[in-house]
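**Student:** Dumping the structure here so I can ask a few things about it.
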Ligand code: C2E
Ligand code: MG
Ligand code: MG
Ligand code: MG
């Protein structure tokens, strides 16, 4: 009997794995055609300085799946990275963000997330140049967000890539700072325009002395290198005032504004509206 049950359990287990694999395959397949079908769109989340002045918007991709509804990037970007459709998605995001930003009334910066695969590409600077040329967006209004992982993978190469990007006149931010390998020593090797403190540290602010110590240290280090610091994921007034008190330069989070589509935004002077064409 035990033997019998055992086999049944294995069968069950296998079929659950089969199901997962089938789901994943279906998602991979759908993702490959998502760009062509126009199912991706961007939402924008505001970034402001310590005086409350709007400085930039971060573009965040969403997938309007015909059956599953709206899927968050955390769910499909990793799938795209593994299945090889990430390059197409990254290209689309870069072009779309530049196009939309070029049509805003206010000359604000747009921040675009770059996947590890995109950063590793041989001709990333050519892609960026093309997006700038075709959209007409000035280079100074584009910021690329990269994560720590891509820097330490191959430091010499990452440096060359960053230098070629910087030569175009764009900005580079280090995203999710503190969550990766966080060797503080390599920071000074890269021409960074901004360091973004990960929201896990911000979330713990005010609850633990340790997170305050970390935030303080990151701000001190960044300022020592002459790099401004942006805190992400600010949700409460208490977090905001602690960050202001610690000298944080820029802020982003639900407290300031949630990511949203700018095309459907009501007209107001706090939000750049699309120029009439
Ligand atoms: P990220 O670049 O660190 O973006 C910040 C994430 O935190 C966003 O999630 C944003 O909606 C969320 N967030 C912002 N403020 C708050 C807050 O106050 N509280 C909380 N709880 N969350 C907040 P989202 O849009 O789901 O994006 C998740 C991640 O997916 C991004 O993290 C980024 O790594 C990646 N991603 C997003 N768009 C793109 C893209 O176009 N290309 C690539 N390669 N990756 C992207
Ligand atoms: Mg980001
Ligand atoms: Mg982040
Ligand atoms: Mg992230």
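**Student:** Tell me, which helices (runs of 4 or more DSSP H) lie completely within the range 164-254 with 3 or more residues that are at pLDDT below 95 and away from ligand 4 (no atom under 14 Å from the Cβ)?
**Tutor:** 209-224
**Student:** Being touching a residue at least 12 places away in the same chain (Cβ under 8 Å), at negative phi and within 12 Å of ligand 1 (Cβ to nearest atom), is that true of even one residue in the range 126-135?
**Tutor:** Checking the range 126-135: not a single residue is touching a residue at least 12 places away in the same chain (Cβ under 8 Å), at negative phi and within 12 Å of ligand 1 (Cβ to nearest atom).
**Student:** Please give the number of the condition residue 186 fails out of (1) within 15 Å of ligand 3 (Cβ to nearest atom); (2) more than 18 Å from the chain's Cα centre (by Cα).
**Tutor:** Of (1) within 15 Å of ligand 3 (Cβ to nearest atom); (2) more than 18 Å from the chain's Cα centre (by Cα), only one is false for residue 186: (1).
**Student:** Do you know which of the residues in the range 135-157 that are surrounded by fewer than 21 Cβ atoms within 10 Å (Cβ to Cβ) and over 29 Å from residue 107 (Cα atoms) is farthest from ligand 3 (Cβ to nearest atom)?
**Tutor:** Selected residue: 156.
**Student:** Of the residues 84, 52, which single one is within 21 Å of residue 257 (Cβ to Cβ) and either out of contact with any strand residue (DSSP E or B) (no Cβ under 8 Å at 6 or more places or on another chain) or crowded, with 18+ Cβ neighbours inside 10 Å (or both)?
**Tutor:** 52
**Student:** To continue, here is another question. Report yes if some residue within the range 119-134 is surrounded by 17 or more Cβ atoms within 10 Å (Cβ to Cβ), modelled with pLDDT of 90 or more and within 16 Å of ligand 2 (Cβ to nearest atom); otherwise report no.
**Tutor:** So far as the range 119-134 goes, yes, one or more of its residues are surrounded by 17 or more Cβ atoms within 10 Å (Cβ to Cβ), modelled with pLDDT of 90 or more and within 16 Å of ligand 2 (Cβ to nearest atom).
**Student:** Right, next: Only one of these is more than 17 Å from the chain's Cα centre (by Cα) and buried (at least 20 other Cβ atoms within 10 Å of the Cβ): 229, 202, 215. Name it.
**Tutor:** Only one candidate passes the filter, namely 215.
The values are calculated or read from the model by the stated rules, or taken from the named source; none is laboratory data. Since the model is a prediction, treat every value here as computed from it, not as a measurement. Using ideal geometry, Cβ is built from the backbone for each residue, glycine included, and neighbour counts are taken over all protein chains shown.
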